[in-house]
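Heads up, the thing below is written out as structure tokens.
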């Protein structure tokens, strides 16, 4: 009999006999835990880039339309000729920010354009405020890998699997598809228990069984009081586990009796739970380890908007200096 239990596979069954199935385990992906990262451009995240691009394009087209309306009015001597109340570009920006107008547009065509932008801005601002509030109240952590397909396509984190396991055999015999890609690109390690510190330091993923992953998480949380690892949501492979014996061993019937007692009494499930009891706290989505907490915003969280403000102030200073320079040159030329 071999210490185990071992995964039950057809290849192994050709050389050894198994006891009664002890339990079902799964192989999955063991990763360094994703963290909530600071983002300089988080203030634009409520809308995707397509919305911002469309808004800028429509704003530009509206300015062009307003300039054309003003030119057309003057060219045909329509009502409003010679007046600057036909169109002002700042009307669109005030409408976008839901600010009052002074002076107000007096012509019907101008009011239609500004009114359309006011309705659009009201909807956009309401949606933006709602999404931004929810993002601040319940920030979400980006989880790039939750399945084997995600891991293969992500390409930003190396991955490995344990040498000599049933999963190794599964990848080794694959001739195409995702399993073949994993076999060609992964490196091999001896054991998760030997590599757990390396996973944290070098940040790579390891494909292994769920019990080992939970045990490592439990031990690590007991030692550090932190959740440093994450188990991807989708399992790779579900496989039965059993004890292994030489072919036609006489011990199998006796061991099967004890295996049945352990399963029926619930002792096996109880002891498995005891071995991995500390893992429960970390078996939640990243960012939810401490439940619902109030997010305290720091200066770093506002770095993006302050950067935009700083660039705008510097740009305004440059324009001011250029205006003063041009004015001085014109003044000297006149005299």
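The values are calculated or read from the model by the stated rules, or taken from the named source; none is laboratory data. Keep in mind that this is a model prediction, so the values were computed, not measured. Here Cβ is always computed from backbone atoms with ideal geometry, including for glycine, and neighbour counts include all displayed protein chains.
Please work out which residue is nearest to residue 58 (Cα to Cα), limiting yourself to the range 150-165 and to residues that are assigned to a helix (DSSP H, G or I) and in contact (Cβ under 8 Å) with a residue 40 or more places away in the chain. Going through the qualifying residues, I end up with 150.
Could you tell me whether any residue of the range 288-296 is touching a strand residue (DSSP E or B) at 6+ places or on another chain (Cβ under 8 Å) and either modelled with pLDDT under 90 or surrounded by 13 or more Cβ atoms within 10 Å (Cβ to Cβ) (or both)? For the range 288-296, residues touching a strand residue (DSSP E or B) at 6+ places or on another chain (Cβ under 8 Å) and either modelled with pLDDT under 90 or surrounded by 13 or more Cβ atoms within 10 Å (Cβ to Cβ) (or both): absent. Whether any residue in the range 170-187 is without any contact (Cβ under 8 Å) to a residue 60 or more places away in the chain, surrounded by fewer than 20 Cβ atoms within 10 Å (Cβ to Cβ), in contact with a strand residue (DSSP E or B) (Cβ under 6 Å, 6 or more places away or on another chain) and over 17 Å from residue 283 (Cα atoms) is what I want to check. Yes, the conditions are met somewhere in the range 170-187.
In the range 104-125 there is at least one residue matching the filter, namely being exposed (fewer than 12 other Cβ atoms within 10 Å of the Cβ), modelled with pLDDT under 80 and in the same structural domain as residue 71 (by TED's automatic domain parsing). Counting residues in the range 141-149 that are at pLDDT 90 or above, assigned to a helix (DSSP H, G or I) and within 18 Å of the chain's Cα centre (by Cα) gives one or more. Figure legend. Inter-residue proximity from the range 32-61: first residues within 30 Å of residue 217 (Cα to Cα), second residues in a helix (DSSP H, G or I), beta-carbon distance below 7 Å, spacing 6+ or different chains. Indicated pairs: 32/199; 32/200; 38/300; 38/301.
Of all the criteria given as (1) at pLDDT below 80; (2) closer than 30 Å to residue 212 by Cβ, the one not satisfied by residue 280 is (1). Residues in the range 75-85 include none that are surrounded by 14 or more Cβ atoms within 10 Å (Cβ to Cβ), at pLDDT 75 or above and either closer than 27 Å to residue 232 by Cα or assigned by TED's automatic domain parsing to the domain that holds residue 109 (or both).
Considering every residue within the range 164-180, establish whether at least one is in the same structural domain as residue 277 (by TED's automatic domain parsing) and more than 21 Å from residue 239 (Cβ to Cβ). Within the range 164-180, one or more residues are in the same structural domain as residue 277 (by TED's automatic domain parsing) and more than 21 Å from residue 239 (Cβ to Cβ).
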